[in-house]
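Colleague: Mind looking over this structure? Questions follow.
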Amino acid sequence: MKEEVFLKLTNSFSDKLYRVAKRLLISNEEAEDALQEVLLKLWKRKKTIVKYKSPEALAITMTKNYCYDKLKAKSSGNVKIEHANYTDEHTSLQHQIEAKNSMEWVHKIINTLPEQQRLVIQLRDIEQFDTSEVAAMLTMNENAVRVALSRGRKVLREELIKKQNYGIV
């Protein structure tokens with residue numbers, strides 16, 4: 001595989017790799033380092049990369065595993081998932097504040113979920129991967145992904161209803 005072909009292939013999903021790394025490692029610098037490490041590993045495997053059905057899924061799995069290794073090395077138990085792509089410029093100030101507060105509550109609730117449910121929600125609902133792709137990335141059964149997604153969404157829904165009805169979470 002030539003450099004041009006490799007760059008074209010990896011540029012199509014490098015943003016997703018960065019977002020996954022950022023969600024897991026929190027730091028911009030660490031996420032950039034993770035992206036570079038994964039791209040370097042992919043470059044070293046450039047001859048075999050075309051054999052994979054989905055090089056993107058391979059790259060995301062590599063990113064996830066690299067980030068887990070970094071977190072284990074730092075013995076850090078704080079994995080944070082964020083969704084920073086939400087902006088709506090055509091709403092009133094009140095709606096913007098309400099949306100920001102709602103997103104903050106969603107983040108807080110997601111952070112209380114078990115790690116597996118957090119990752120499934122991140123990949124399925126925020127990154128919008130198919131259930132089969134999420135299963136492949138997390139090396140899970142598709143039914144287990146559906147169950148984790150359902151349970152995570154249920155907790156989110158119940159906690160948001162409590163917050164909206166009673167002001168507590």
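The values are calculated or read from the model by the stated rules, or taken from the named source; none is laboratory data. The structure displayed is predicted, hence computed values, not measured ones. Each accessible area value is taken on the protein alone, full model and side chains, heavy atoms only, with ligands, DNA and RNA left out. Shrake-Rupley method; radii C 1.70, N 1.55, O 1.52, S 1.80 Å.
Colleague: Where does each of TYR52, TYR66, TYR18 land when they are ordered by accessible area, with a 1.4 Å probe and the largest first? Let's see the in-between values first.
Modeller: On the way: TYR52 90, TYR66 40, TYR18 60 Å².
Reading off the accessible areas and sorting them downward yields TYR52, TYR18, TYR66.
Colleague: Quick one: accessible area per residue over the chain, 1.4 Å probe, rounded to a whole number of Å²?
Modeller: With the other protein chains kept in place, the chain gives 63 Å² per residue.
Colleague: May I pose another question? I'd like the carbon and sulfur percentage of the solvent accessible area for the chain, probe radius 1.4 Å, heavy atoms only, ligands and nucleic acids excluded.
Modeller: It is 49 percent, rounded to a whole number.
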